[in-house]
Amino acid sequence: MPVYKKVLWNMIRNKRITICGGAGSIGEVLTRQLAPNNKIFIFDTNETRTFNLREELQEKGYWVHSKTGDIRDVHSIRDVFEDFKPQIVVNAAALKHVTPNEEYPDEAIQTNILGTQNLIHESKRWECLEKFLQISTDKVVNAECIMGITKLCAEGLVKRAGKQFASVRFGNVMASNGSVLEIWERQFKEGNPLTLTHPDMERYMMTIPEACVLIQKSIEEGKNGEVWVMDMGERIKMGDLCRMFLVTKGKPDYPIKIIGLRRGEVMKEYLMTSEEKSRAVKKGNFWILR
């Protein structure tokens with residue numbers, strides 16, 4: 001992956017790029033990667049993280065501006081387009097945690113579906129738009145949870161939006177906000193047992209830099225509602241991941257508490273459905289669904 005990172009950081013140049021959710025885990029790294037060669041406008045609900053990131057990058061001499069706002073509000077989106085006229089829009093703004101979305105599905109619908117539609121609608125009004133990229137998730141495959149269902153709807157909206165639009169599907173992103181590794185790190189520091197849903201639960205895992213590789217490649221080449229999926233190899237069992245985490249801490253015998261599956265969770269996740277696999281086109285380390 002280091003080779004890909006070096007190449008792709010230099011592929012996108014001299015563009016005006018709006019990153020919705022630009023202060024989140026993936027959005028922040030993407031902002032840092034793209035800022036040296038482009039103008040970046042961060043659009044995020046988190047005022048403090050947005051402000052701190054903007055200040056830091058401006059001090060380095062990069063053109064970075066921001067607006068604290070929500071993709072649920074079409075007027076805020078319109079302000080960004082009127083002021084900045086982005087050529088590239090990346091939508092990394094989403095409600096992504098399974099359990100809260102199960103508890104309050106209306107909130108997931110408002111952000112993941114209606115918010116995405118707001119962005120699509122406004123993007124299509126402006127001739128400046130060259131590419132719109134939607135961040136999706138492997139939870140859309142055989143969707144069992146509200147989060148997956150709402151993101152599948154968002155994929156469908158992008159698929160029908162036009163030639164400048166595309167989506168990317170991620171597996172679980174390690175070290176992102178609220179990720180299992182972050183939770184284990186906190187529990188370990190506090191001296192509490194590590195909570196594990198089920199040792200045989202299997203997930204595709206990727207790093208934030210790998211996720212940004214996928215985003216940048218998709219910005220360059222994605223079109224016509226395509227869905228880009230990184231070939232992530234084999235799934236990893238969460239029990240094995242937990243043991244590897246404890247080995248790195250030098251505490252392989254540290255206590256683990258099995259808590260069982262929560263509502264909306266499944267034992268295995270997939271990158272594509274059987275039907276999608278039959279028509280997917282392989283390109284390097286990526287699968288493309290047209």
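Residues to consider are T99, T50, T31; find the one that is touching a Leu at 6+ places or on another chain (Cβ under 8 Å) and either assigned to a helix (DSSP H, G or I) or under 30 Å from E144 (Cβ atoms) (or both). Before the answer, list the steps.
Values: T99 fails: touching a Leu at 6+ places or on another chain (Cβ under 8 Å); T50 fails: touching a Leu at 6+ places or on another chain (Cβ under 8 Å).
None of the other options fit; the residue is T31.
Of the residues screened, N37 is not one that is free of Cβ contacts under 8 Å to residues at least 60 places away in the same chain, within 18 Å of I219 (Cβ to Cβ) and out of contact with any Phe, Trp or Tyr (no Cβ under 9 Å at 6 or more places or on another chain).
When the residues of segment 231-245 are filtered to those that are over 17 Å from T195 (Cβ atoms) and either in contact with a Leu (Cβ under 8 Å, 6 or more places away or on another chain) or not basic (K, R) (or both), the one that is surrounded by the most Cβ atoms within 10 Å (Cβ to Cβ) is M232.
Looking across segment 212-267, the residues that are in a strand (DSSP E or B) and under 30 Å from K131 (Cβ atoms) come down to E226, V227, W228, V229, M230. In segment 44-67, the count of residues that are under 30 Å from E265 (Cβ atoms), β-branched (V, I, T) and either out of contact with any Gly (no Cβ under 6 Å at 6 or more places or on another chain) or surrounded by fewer than 18 Cβ atoms within 10 Å (Cβ to Cβ) (or both) is one or more.
Within segment 121-142, none of the residues are in a helix (DSSP H, G or I), at pLDDT 95 or above, farther than 21 Å from G222 by Cα and not hydrophobic (A, V, I, L, M, F, W, C).
Listed by first and then second residue, the pairs linking a residue in segment 171-189 that is within 19 Å of R49 (Cβ to Cβ) to a residue that is part of a loop (DSSP other than H, G, I, E, B), with Cβ atoms under 6 Å apart and 6 or more places separating them unless they lie on different chains, are G178/H97.
Does segment 156-177 hold any residues that are over 13 Å from the mean Cα position of the chain (by Cα) and surrounded by fewer than 21 Cβ atoms within 10 Å (Cβ to Cβ), and which are they?
The answer is G156, L157, K159, R160, G162, K163, Q164.
Under the condition of being of a type in the set (K, R) and surrounded by 11 or more Cβ atoms within 10 Å (Cβ to Cβ), which residue from segment 246-278 is farthest from I219 (Cα to Cα)?
Filtering segment 246-278 down to residues of a type in the set (K, R) leaves 249, 251, 257, 262-263, 268, 277.
Remaining after also requiring surrounded by 11 or more Cβ atoms within 10 Å (Cβ to Cβ): 249, 251, 262-263, 268, 277.
On the way: K249: 38, K251: 42, R262: 35, R263: 34, K268: 29, K277: 22 Å.
Per the stated criteria, the residue is K251.
Taken together, V173, V158, V141 contain a single residue that is of a type in the set (A, V, I, L, M, F, W, C), farther than 26 Å from I17 by Cα and in contact with a Ser or Thr (Cβ under 7 Å, 6 or more places away or on another chain), which is V141. Selection over segment 91-137 of residues that are crowded, with 21+ Cβ neighbours inside 10 Å, closer than 20 Å to M174 by Cβ and not β-branched (V, I, T) gives a count of 4.
The values are calculated or read from the model by the stated rules, or taken from the named source; none is laboratory data. Bear in mind the structure is a predicted one, so any value in this text is a computation, not a measurement. Using ideal geometry, Cβ is built from the backbone for each residue, glycine included, and neighbour counts are taken over all protein chains shown.
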